[in-house]
1. Looking at (1) near the ligand (Cβ under 10 Å from one of its atoms); (2) over 30 Å from residue 324 (Cα atoms); (3) surrounded by fewer than 19 Cβ atoms within 10 Å (Cβ to Cβ); (4) touching a residue at least 40 places away in the same chain (Cβ under 8 Å), find the lone condition where residue 69 falls short.
2. Would you confirm, using the coordinates I've provided, whether residue 100 is closer than 30 Å to residue 343 by Cα, within 14 Å of the ligand (Cβ to nearest atom) and in contact with a helix residue (DSSP H, G or I) (Cβ under 7 Å, 6 or more places away or on another chain)?
3. Would you check if residue 108 is touching a strand residue (DSSP E or B) at 6+ places or on another chain (Cβ under 7 Å), touching a residue at least 40 places away in the same chain (Cβ under 8 Å) and not assigned by TED's automatic domain parsing to the domain that holds residue 36?
4. Filter the range 151-169 for residues that are on the phi < 0 side of the Ramachandran plot and buried (at least 19 other Cβ atoms within 10 Å of the Cβ); which is nearest to the chain's Cα centre (by Cα)?
5. Conditions first: (1) within 16 Å of the ligand (Cβ to nearest atom); (2) surrounded by 19 or more Cβ atoms within 10 Å (Cβ to Cβ); (3) closer than 26 Å to residue 240 by Cβ. Residue 75 passes all but one, so which condition is the exception?
6. Filter the range 52-66 down to the residues that are without any contact (Cβ under 8 Å) to a residue 40 or more places away in the chain and away from the ligand (no atom under 15 Å from the Cβ), then identify the one that is nearest to residue 19 (Cα to Cα).
7. Checking residue 242 against (1) closer than 30 Å to residue 86 by Cβ; (2) within 16 Å of the ligand (Cβ to nearest atom), only one condition comes out false. Which one?
8. Hey, can you tell me all the residues within the range 20-46 that are within 12 Å of the ligand (Cβ to nearest atom) and touching a helix residue (DSSP H, G or I) at 6+ places or on another chain (Cβ under 6 Å)?
Ligand SMILES: N[C@@H](CCC(=O)N[C@@H](CS)C(=O)NCC(=O)O)C(=O)O
């Protein structure tokens with residue numbers, strides 16, 4: 001039977017790992033195709049307008065880019081066993097952790113791929129080479145990988161990964177591994193026996209880089225075996241099974257992770273929002289560049305500069321909109337959680353310029369704040 005869906009991506013791509021795990025959980029009739037150079041030329045560039053993976057192709061010939069949009073597109077079509085909790089606080093936590101995985105855990109992911117490259121050189125380079133030239137010899141793939149991986153390795157300093165910040169990035173990542181180990185030794189997924197959108201957000205960095213590249217994979221297996229077991233569970237799930245915890249409970253084991261997120265990432269996102277708004281005031285109706293210069297950031301004890309990623313606002317808006325739509329007891333419950341993790345003021349920020357994605361481009365544009 002021909003597949004209903006095709007995902008074009010690659011095994012070593014962070015965001016392909018996120019969507020692959022989702023496709024498997026939903027039990028869809030789909031196949032994955034390697035995004036070779038030919039696929040970039042024939043499929044991705046003509047239909048998406050930019051060289052980015054993963055992308056979804058439907059049997060009807062629709063194309064969707066961005067893992068969040070892909071998941072939402074498929075959730076609409078296949079609503080059973082939704083990965084979005086219906087209860088207010090769990091949904092908020094799931095959305096926050098998607099943002100954390102997608103945009104912030106890219107820092108340790110990229111660090112443990114590129115800063116320890118000398119210890120995993122042939123593996124990483126041949127992975128890139130295999131993507132472009134699946135039929136070539138390993139030596140040829142390494143040579144091709146050296147060339148096509150340059151834009152990715154060039155991102156490292158812009159993500160704030162430098163000699164000064166690396167010790168702090170490692171301390172923060174090891175703490176995260178220990179906290180996740182506590183959690184996954186008790187729960188199959190973040191919010192119970194069913195994976196949520198938060199699990200998929202974490203899966204991107206924790207699989208393709210941190211759970212697969214040789215150096216960080218060995219670290220995870222040795223220091224946090226339950227986290228590694230979660231990675232394997234995410235990759236080999238029982239489709240359409242499991243439940244979120246009853247009574248909208250957030251396990252205590254998630255609180256330290258959420259606190260770190262609120263302390264490290266949310267100030268960064270709030271500053272991104274300011275920069276996006278300032279840019280739009282200067283350039284009404286424009287396409288916001290994906291990167292708007294650099295700003296200061298902290299990650300645990302690490303302090304440095306990283307790029308201002310305009311896209312972070314779009315992902316944050318999802319959690320913000322959900323929180324802002326809550327009333328009565330649901331709002332009180334969300335506020336209680338946010339107070340305990342230090343996130344209440346961030347979720348109450350006012351957003352003067354609402355952002356939207358537009359098909360055929362990666363740059364965000366100003367949109368209309370949905371009705372609350
Ligand atoms: N936010 C996007 C990001 C996709 C992404 O960054 N993909 C990487 C590979 S994992 C890529 O192709 N990057 C090229 C680029 O960003 O221009 C998503 O959720 O799909």
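The values are calculated or read from the model by the stated rules, or taken from the named source; none is laboratory data. A quick note: this is a predicted structure, and the numbers were derived from the prediction, not measured. Here Cβ is always computed from backbone atoms with ideal geometry, including for glycine, and neighbour counts include all displayed protein chains.
1. (2)
2. Numbers: closer than 30 Å to residue 343 by Cα: yes; within 14 Å of the ligand (Cβ to nearest atom): yes; in contact with a helix residue (DSSP H, G or I) (Cβ under 7 Å, 6 or more places away or on another chain): yes.
The answer is yes for residue 100.
3. On the way: touching a strand residue (DSSP E or B) at 6+ places or on another chain (Cβ under 7 Å): no; touching a residue at least 40 places away in the same chain (Cβ under 8 Å): yes; not assigned by TED's automatic domain parsing to the domain that holds residue 36: yes.
In short, no.
4. Taking the range 151-169 as the starting set, the residues that turn out to be on the phi < 0 side of the Ramachandran plot are 151-159, 161-169.
This time we only want the ones that are buried (at least 19 other Cβ atoms within 10 Å of the Cβ), so: 159, 161, 165, 169.
On the way: 159: 14, 161: 18, 165: 21, 169: 18 Å.
Looking at the filtered set, the residue picked out is 159.
5. (2)
6. 62
7. Of (1) closer than 30 Å to residue 86 by Cβ; (2) within 16 Å of the ligand (Cβ to nearest atom), only one is false for residue 242: (2).
8. Of everything in the range 20-46, just one residue is within 12 Å of the ligand (Cβ to nearest atom) and touching a helix residue (DSSP H, G or I) at 6+ places or on another chain (Cβ under 6 Å), namely 22.
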